[in-house]
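Take a look at the structure below.
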Amino acid sequence: MTTAAIDTKRRALGKGLDSLLPRAQTGPIPAENDGGRPREIPIELIDRNPFQTRGLINQDQLAELAASITANGVVQPVLVRPLSHGRFQLIAGERRWRASELAGKKTIPAILRQVSDEQAMEITIVENLQRADLNPIEQARAFERLAREFHMTQEQMAQRTGKDRATVANFLRLLKLPASVQARVESGELTFGHARALLALEHAEDIEKAAQRAVALSLSVRQAEAYVQGLLHPERKQKKDPAQVDAVDPNVRDAQERLQRALGLKVTIEDKSGRGRVIIEYSQLEDFDAIMERMGVKERE
């Protein structure tokens, strides 16, 4: 690839990230902003992004990126904002920045942008979410930080990140898990589906016990859900006489399981000859709001 072609690709990719959010109207943009075109900035003058939501970076993947940068250079510029005393703060592109440093580069192509703290944090979260770089717990913490530091509602967070409100609510619910279980989700031992199944349990010790069993036995999400249901309804295990156990239609059971996975809440379907009821249990108003949104029920104006 020619130098001109690489430079063209850099500009195109930079504009894609630039379009995520409008420029902050915080006064005149300094001349070094250079109209949005990337410029080479000394790596040593760039400070780490304080709003970074990614906690873990795979070192093998970082080494691979460093090798690629050594061979081809940095294809997509990082995004920075100017600080005092001639320094810059990274907004987006931490892996490229760290890999460039690992590759022994002295400078890195960067696009300068004057943005507020809120915009810098939004860009960081949006970039990471769009690249699927964050694990479920990191995403949950990112949403929680938007709510805590910038007082955003779930609806506002959904609009800013391109997610629906129910998804945001489900991520935030992960932070109710015990710290030890959050660590298992963050490391990849448990998936987002496992975590949602565990949230049906109320007590931390039950959640930790179920998490340990799911990891030890390599349970699928459906198997984890079945185990959780067994903890919630131990009386069902005591019915050893098949004649005393009400037969459950496989279609009803499948619908119940799909509803539980979709809502992340306990769902019970009671059906008798085609008539019955659906019971959805929730523990807080945000869960109820998420149910209403999933059902397409709008708030009264």
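Restricting attention to segment 79-95, which residues are polar (S, T, N, Q) and at pLDDT below 90?
The answer is 84, and nothing else.
Quick one: in segment 181-240, of everything that is surrounded by fewer than 17 Cβ atoms within 10 Å (Cβ to Cβ) and of a type in the set (Asp, Glu), which residue is farthest from residue 280 (Cα to Cα)?
Checking each candidate, the answer is 189.
Report those helices (runs of 4 or more DSSP H) wholly inside segment 149-267 carrying at least 1 residues which are at pLDDT 90 or above.
Ranges flagged: 154-161, 165-173, 179-187, 192-198, 204-216, 221-232.
Looking at (1) closer than 19 Å to residue 193 by Cβ; (2) in contact (Cβ under 8 Å) with a residue 12 or more places away in the chain, which is the only condition residue 269 fails?
Unmet for residue 269, out of (1) closer than 19 Å to residue 193 by Cβ; (2) in contact (Cβ under 8 Å) with a residue 12 or more places away in the chain: (1).
List the helices (runs of 4 or more DSSP H) inside segment 56-133, counting only whole elements, that have at least 1 residues being over 17 Å from residue 43 (Cβ atoms) and not assigned by TED's automatic domain parsing to the domain that holds residue 42.
Per the criteria, 117-130.
Which of the residues spanning segment 73-88 are closer than 14 Å to residue 48 by Cβ and surrounded by 18 or more Cβ atoms within 10 Å (Cβ to Cβ)?
78, 79, 80, 81, 88
Tally time: how many residues in segment 99-112 are crowded, with 18+ Cβ neighbours inside 10 Å, within 28 Å of the chain's Cα centre (by Cα) and within 22 Å of residue 60 (Cα to Cα)?
3
Could we say that residue 142 is within 14 Å of the chain's Cα centre (by Cα), under 21 Å from residue 47 (Cβ atoms) and not charged (D, E, K, R) here?
When the stated conditions are applied, residue 142 passes them.
The values are calculated or read from the model by the stated rules, or taken from the named source; none is laboratory data. Given the structure is predicted, the values throughout are model-derived calculations rather than measurements. Counting neighbours? That spans all protein chains shown, and the Cβs are built from the backbone with ideal geometry, glycine included.
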